[in-house]
Number of protein chains: 4
Amino acid sequence: MVVGELNSPGGSSRNTRREQILAAARTLFAGSGYDQTSISDIATAVGVADGAIYKHFTSKREILYEVIREFYEPVIDMAATNVEGMSGIRERLRYLIWLQLRAFTEQPELCRLIIAEARPMEDYYESRIADLNRRYTTLLVEVVEDGQRAGEFNDDIDAAMVRDVVYGGIEHVAWGAATGRRSVDATRVADSLTSLICNGLERRTDRDGLLADAVDRLEHVADRLER
Amino acid sequence: MVVGELNSPGGSSRNTRREQILAAARTLFAGSGYDQTSISDIATAVGVADGAIYKHFTSKREILYEVIREFYEPVIDMAATNVEGMSGIRERLRYLIWLQLRAFTEQPELCRLIIAEARPMEDYYESRIADLNRRYTTLLVEVVEDGQRAGEFNDDIDAAMVRDVVYGGIEHVAWGAATGRRSVDATRVADSLTSLICNGLERRTDRDGLLADAVDRLEHVADRLER
Amino acid sequence: MVVGELNSPGGSSRNTRREQILAAARTLFAGSGYDQTSISDIATAVGVADGAIYKHFTSKREILYEVIREFYEPVIDMAATNVEGMSGIRERLRYLIWLQLRAFTEQPELCRLIIAEARPMEDYYESRIADLNRRYTTLLVEVVEDGQRAGEFNDDIDAAMVRDVVYGGIEHVAWGAATGRRSVDATRVADSLTSLICNGLERRTDRDGLLADAVDRLEHVADRLER
Amino acid sequence: MVVGELNSPGGSSRNTRREQILAAARTLFAGSGYDQTSISDIATAVGVADGAIYKHFTSKREILYEVIREFYEPVIDMAATNVEGMSGIRERLRYLIWLQLRAFTEQPELCRLIIAEARPMEDYYESRIADLNRRYTTLLVEVVEDGQRAGEFNDDIDAAMVRDVVYGGIEHVAWGAATGRRSVDATRVADSLTSLICNGLERRTDRDGLLADAVDRLEHVADRLER
DNA sequence: AATGAATGAGTATTCATTCAT
DNA sequence: AATGAATGAATACTCATTCAT
């Protein structure tokens, strides 16, 4: 699977009736929102009777969850796979940030769907979508904890808070894009955000100390030489 | 106005009918959510007829916005006032983060209302609430830009992105509290988040400069000795 | 209240909106059955919007129950009042039988409604209709028990069984009328049924006693003659 | 066929697909009611596809009728056979009452099915079930008419009314059992009901007269002998 | 005999808002 | 300021039955 094919996952695009329904729902949900899209709208778009929808899905909400899953799962699978094959802490962090940012800014409507429609739902936290999300955010938490264990990152800061800051930040940025109030260059923002977070986390004191010592010694040498 | 009185703003608590309606709506919205609360529920709670509500508000949504404003405006006023009187960049940043975090974690239901009910609404970005929010986030952007101008902060990083990261992070943390999945110590989280962001933003170039200066001097000394 | 006005009870016919709805529902339920009558049908018949119905009734079922109550309650009130003022056991029995039979055969559609639509409903036995019915059948049970206490009726037979037989019989007769398969003369059937039940219940022991006495005396005489 | 085998009629239990469907339907109808049981439920219980059901039955209603028939027909066959072989009017009456009462109280769910689900159906009176019922009730009418022709029963009372009273009574008693509000001892109730009906029907006046005459004459003889 | 996907009609209920009084 | 009756649109879901395979 290639980065460029986020939404055409080989296996599921067999254009079964199920896929047709999901495709129609994706378009309609993205265009008009979940509440404004009726089962009848979806059925009409597919060209079947209303009742046929229920041969493939048990409820409208299930359709929403599946639409989101089809979009989100490949991103997460890719993230999990690739993060494993990357070496540096910072590298991995940047990748996770960039991937999510890219997915959300390229599909701002699906971003809106997740944030504004799915997440406020009562049973969201028991849904597969929440599971996916947890899988994703766990990847980042683990990278941060790796960084802390390796002594590269300051371990005073709670990794869960870093996760909230990163994904909260991504969501705010993407939400701006989703509501059409801003355009976003995923790569630039990812770099910038990675910098901010990594600098913020880096164990400063020691390196600073070493550096300061080196500078001091240089100064002394210079003084002596001058004299 | 004192920190401890976030929700009893002097001027507006004159217990007029308008205030009674807002008080009832606040309780009901917080308890059952916006959609699940009907105008009838509010009218009944106040003890008036349904129609009477519309003598004071033009729509149900306006009530929501006013409920949020009553909660949010004092926080922002306080932020604007106090931030002005503070000296250090970091100090001001920490204060803004802490105030928002505290407001959201102390009133998780209102936090939920803003994030999950008000913001997804179509006309949210034309509403007074969005204005309030902009006023608030602008405070933070200005502090960051001050820091950048003062040379304290790296100005490679877009202040708007910092704003998204900070408020996105705060919201994620508070949302966890609002949905009852986590308990939050506002002060600790604020400290931690401030650290992360400030460290992330701080200019390293100073030390580079020192180093460069030292090297320069060494070179001069070497020159002179050579001569 | 007079027998002839079973369904025009003074107080309730004020032609309020509520009464209009009940009147329309009565007609429609009687004509097409409960399931086949939609709320829209009723609203249209009254000349109001669908939603207006719910200002007066909480559910379609409540309308059914009220239709039945309006028909049934006066019958029961009358029964309770008049039975009290009657002297003979048999007289009272006949009256109760006749009244129910008359109500059911004069309003066969409402009879059908009670038996075939209301009674099979899940919550029927918790409804006001079941209460009414219990009040009614209790009247008969009490008359039978009075008869048993007075020595007029055989107390070997369970009064509750008599009640089941009487009301079951009435329903079968009335159901035949309701389904249009038979025409019924309430007075003749009431007389006949009263006869059957009273004869069935009457104590025979008296005559046995007389016979035994006579035989005793004959034996005594025979004894004396022998001596 | 023996009384104890009411529901295992030899011929039909060949466990054909048809019988499997009926068995599943019987269980499901009894447990959840006719309306609450879908064709899919039945098909799933049998382990075939929905469409397969229609190879054996033309409609859901036909299944209901067959379920009832399988239960009811043996009872009626037995009644017809045994009533013929019985001598006394009262004996036969008691048997018919007892048999129906026993069937209904032993299978209260099927009793409910007949009374509350099948009978209110529009085409019930054109169905085989109504035929069965007529055959059954005719047996009783004939016994009563035999009694009247033999002079044992009063012929003022319409035999059809007696039928309604008896079966109406049985149904009320059984319905109480079916809805779980009462427990019933079929034999005791049958005896009691038979007593009530027979006493109610017995030609009283003549026999009473004869008896009274006999007693009078005995008294006179005794008097004369004494004197 | 069996499959099982497709049909498509049918409906109770809610509620923000209005307006005549 | 207040009333409160009236509006009326809007919609997910079920299921007996069919039919091409």
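Descending by average beta-carbon neighbour count within 10 Å, the peptides C:41-49, D:86-94, C:61-69, C:95-103 line up as C:95-103, C:61-69, D:86-94, C:41-49, the highest first.
Shielding value for D:179-189 is 1, the average number of Cβ atoms from other chains within 10 Å of each residue's Cβ.
Here, the protein assembly as shown is characterised by an Rg to Rh ratio of 1.22, where Rg is the alpha-carbon radius of gyration and Rh the Kirkwood radius. Here the Gaussian network model covers chain B, with springs between Cα atoms less than 10 Å apart; of B:V75, B:V83, B:V215, B:V215 fluctuates the most. Its alpha carbons considered, segment A:107-186 gives a radius of gyration followed by a Dmax of 14.8, 41 Å.
Looking at the square roots a ≥ b ≥ c of the eigenvalues of the Cα gyration tensor of chain D, which shape do they give, rounded for a/c under 1.5, prolate if a/b is larger than b/c, or oblate? Taking the square roots of the gyration eigenvalues as a ≥ b ≥ c, chain D is prolate. If R0 is 35 Å, the Cβ-Cβ spacing of B:E142 and A:E19 corresponds to a FRET efficiency of close to 0.10. Label segment C:11-53 by shape, choosing from rounded, prolate and oblate, from the square roots a ≥ b ≥ c of the eigenvalues of the Cα gyration tensor; if a/c is under 1.5 it is rounded, and otherwise prolate applies when a/b is larger than b/c, oblate when it is not. Judged from the Cα gyration tensor, segment C:11-53 comes out oblate (a/c at least 1.5, b/c at or above a/b). Going through the cross-link list C:K60/D:K60; A:K60/C:K55; A:K55/D:K60, which pairs have a Cα-Cα distance over 25 Å in this structure? Listed pairs above 25 Å: C:K60/D:K60; A:K60/C:K55.
Sorted from closest to farthest, the other copies place their D:G33 label points 1.5, 3.0, 3.8 nm away, with each point set 7 Å from Cα along Cα→Cβ. The modelled label-to-label distance between B:R181 and B:E126, using points 7 Å beyond Cα along the C-beta direction, is 3.4 nm. For C:E109, the distances from its label point to the matching points in the remaining copies are 3.7, 5.0, 5.2 nm, ordered from shortest, with each point set 7 Å beyond Cα toward Cβ.
Electrostatic bookkeeping for D:T58 treats Lys and Arg as +1 and Asp and Glu as -1; over the other residues with beta carbon under 14 Å from its beta carbon, the sum is +2. Extending 7 Å from the Cα toward the beta-carbon at both B:A49 and D:E91 defines two label points whose distance is 7.9 nm.
Copy-to-copy label distances for A:D50, where each label lies 7 Å from Cα along Cα-to-Cβ, are 1.1, 1.6, 2.5 nm in order of increasing length. Among the residues of B:116-123, the average count of other protein chain beta-carbon atoms within 10 Å of the residue beta-carbon is 3.
Bear in mind that the values in this text are calculations on the coordinates, not laboratory data. The structure displayed is predicted, hence computed values, not measured ones. Don't worry about glycine lacking a Cβ; one is built from the backbone with ideal geometry, like all the others, and counts go over all protein chains shown.
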